[in-house]
Amino acid sequence: MSALLVLYFVFAGIRAVALLASREPIPVIMGAAMLILPLLGVWALVRELQFGRSATRLADRLAAEGRMPEEPVATHPSGRPVREDADAAFPRYRAEAEADPESWQAWMRLGIVYDACGDRRRARGAIRQAISLERDEIRGASAQS
């Protein structure tokens, strides 16, 4: 999907340059807009790829530490968790994150459980918090060295 998006950006960029070369006011404005939109798209794509890479790295660290949430949650035939089971596991992880708000592990676990509950917005927020805390932890450790 990302490759198709990049291909779209290339073709939009080529078309935008052609419009800018026309030197007519309206095509130039359209060409400028066509350059700005793909640039915003590239920025969003890079940001999403960075988020995915960071989230995967933290999930791998949690798994290596043996701290991944492993609540028994029933699943539908499609593989999606039964929401009621996932919701029942949620309070424990929320309490853990509230008790230790500086722990990236607690926030990552909360994000994973939010995702299992189907709440993607909160999952991404908790995982972003985990990424930020882990980054701060690394900076703090390197500053002390």
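The values are calculated or read from the model by the stated rules, or taken from the named source; none is laboratory data. Model, not experiment: these values are computed from the prediction. Positions of Cβ are backbone-derived with ideal geometry, glycine not excepted, and every protein chain shown enters the neighbour counts.
Checking segment 13-22 against the condition returns a match, with at least one residue being free of Cβ contacts under 8 Å to residues at least 60 places away in the same chain, more than 19 Å from the chain's Cα centre (by Cα), not assigned by TED's automatic domain parsing to the domain that holds Met108 and not in a helix (DSSP H, G or I). Please tell me if Gln105 is touching a residue at least 12 places away in the same chain (Cβ under 8 Å), within 15 Å of Arg92 (Cα to Cα), among the polar types (S, T, N, Q) and crowded, with 18+ Cβ neighbours inside 10 Å. The answer is yes for Gln105. For His76, the criteria (1) assigned by TED's automatic domain parsing to the domain that holds Val113; (2) over 30 Å from Asp136 (Cα atoms); (3) surrounded by 11 or more Cβ atoms within 10 Å (Cβ to Cβ) hold in every case but one, which is (3).
Taking helices (runs of 4 or more DSSP H) as the structural unit, those lying wholly within segment 60-145 and holding at least 1 residues that are within 18 Å of Gln50 (Cβ to Cβ), modelled with pLDDT of 95 or more and not charged (D, E, K, R) correspond to 104-117, 120-144.
All conditions but one from (1) free of Cβ contacts under 8 Å to residues at least 60 places away in the same chain; (2) closer than 23 Å to Met1 by Cβ apply to Ser54; the one that does not is (1).
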